[in-house]
Ligand SMILES: Cc1cc2nc3c(=O)[nH]c(=O)nc-3n(C[C@H](O)[C@H](O)[C@H](O)COP(=O)(O)OP(=O)(O)OC[C@H]3O[C@@H](n4cnc5c(N)ncnc54)[C@H](O)[C@@H]3O)c2cc1C
């Protein structure tokens, strides 16, 4: 949606006669921030995308997601707490999209699946083949430029353990986790040691799981967990509902949840147009993380596939950069392909030594600074750096209370409100309860 927002704004300034078309396989805008319950509102599996669930709250302070031209204070008309539930963040984003001078919703062709994108060497264009969800008939349209903005969390990465076929209980990937209440009174094995594992373990425990064991591959998450959550090294073998871990410990569980991440795939892109999905800190082949250099064109862009801590403002910044790039309005751009490839190699070397979250933050500041210089986007967003560092400290101090802290908006100077209920005790994730 950032792409639509910035493209329409930039092209409107010029009164350009440009046609902008957005294809979206869900029936509405919102991407992952929509709650898609399979049996209720998604008729067709191919339209499933969102991996969010009931009782998912923002994992970082909203002050690190705030957009400079549309603040949370402006949207809600008052200071609200720093860690909102999913529905509240979606509401904020929708507010921003609706304030566009264009009717962005009209540009979204919902229930439309992109099936195939190919590059036409003869005239430097792209053929985009789509179908309506649930209908096999296809249609193909030609475009001069294509922006791929399907996110990084597409195909579940599912691990293989010996004996898994003997497990009698429920096994799901975090992508299909929809409600912690489904796991009440259960003994759960969560495999993974990143954000999903952490949040699903805590949320299940909060909603009455009997016990949760989090199993890690390289190192434990290491929080001071509440009673009922513990960590173990990786699973060695599964025998019925008995799990043998690498440290020799054996435990019985009722359900297994793979929180083993995603493979960023672009199956609808012609192979010579698709970046290497394993390179996510600085995706190889993408100049400035956006312009695809693997083909003889600079008119194909990818958005939001960096593995960054910054999310919404960087998507917005990328969207502005791409819009200006298309309009030839970025100083010293477009560069020859050889320069772009050199730049990518330099960045790739820089990022290969990054280890901690703090290293990533330093690197992200460099990238953001560069894109802000190119576009004139406000460098105030670099002040998020301090907020992120405070947040990282508070998470490690106490994972149960870190969502109760207040943060100050970089743009309005407003301190957030205190939450009316501490996160660990909150059982209502509705917008009404949050704003009460
Ligand atoms: C469980 C979970 C929790 C998260 N929590 C947070 C958080 O707390 N804070 C935060 O900042 N970020 C969080 N994120 C990251 C989140 O992905 C980003 O905030 C944001 O949604 C990325 O936006 P996007 O538009 O790039 O991708 P998405 O939101 O994934 O949107 C991509 C869109 O492309 C559509 N699409 C995909 N394939 C096709 C196709 N072939 N044809 C047509 N349409 C297609 C999808 O339906 C979707 O609408 C979380 C992600 C997950 C999975």
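What to note about this one:
- To the nearest ten degrees, helix 86-98 and the longest principal axis of the Cα atoms of the chain are 10 degrees apart.
- Antiparallel %, DSSP beta bridges [both residues in the range 158-260], to 5: 30 percent
- Each listed q (0.21, 0.26 Å⁻¹) maps to a log10 I(q)/I(0) for the range 196-249, found by the Debye formula over equal Cα scatterers with no solvent: -0.81, -1.09.
- Anisotropy class of the range 391-436 from Cα gyration tensor, a/c 1.5 cut: oblate
- Efficiency of FRET from Cβ geometry, residue 390 and residue 412, R₀ 22 Å, rounded to 0.05: 0.80
- Cα radius of gyration and Dmax for the chain (Å): 22.4, 68
- Inter-site label distance for residue 357 and residue 328 at 7 Å from Cα along Cβ, in nm: 4.5 nm
- With the highest mean first, a sort of the peptides 116-128, 399-411, 299-311 on other beta-carbon atoms found within 10 angstrom per residue produces 299-311, 399-411, 116-128.
- Alpha-carbon radius of gyration plus Dmax, which is the widest Cα pair, for the range 158-260 in Å: 12.1, 33
- Packing-based ranking of 191-199, 354-362 yields 191-199, 354-362, ordered from highest to lowest mean Cβ neighbour count within 10 Å.
- Helix axis angle, 337-352 relative to the chain longest principal axis, alpha carbon, degrees: 20 degrees
- Three-way shape call for the range 297-345 based on the alpha-carbon gyration tensor, with the a/c threshold at 1.5: oblate
- Beta bridge orientation in the chain: antiparallel %, DSSP, nearest 5: 55 percent
- Highest-first arrangement of 369-382, 255-268, where packing means the average Cβ count within 10 Å: 255-268, 369-382
- Cα gyration tensor shape for the range 1-136, rounded if a/c is under 1.5, else prolate or oblate: oblate
- Efficiency of FRET from Cβ geometry, residue 195 and residue 21, R₀ 35 Å, rounded to 0.05: 0.55
- Helix 195-206 axis, angle to the chain major axis (alpha carbon atoms, nearest 10°): 40 degrees
- Computed E for residue 252/residue 166 - FRET, C-beta separation, R0 22 angstrom, nearest 0.05: 0.95
- For the range 323-397, the spread of Cα positions along each principal axis, largest first, Å: 48, 28, 13
We did not get these values from a lab; they are worked out from the coordinates using the rules stated. Everything numeric here is computed off the predicted structure, so don't read it as measured data. Here Cβ is always computed from backbone atoms with ideal geometry, including for glycine, and neighbour counts include all displayed protein chains.
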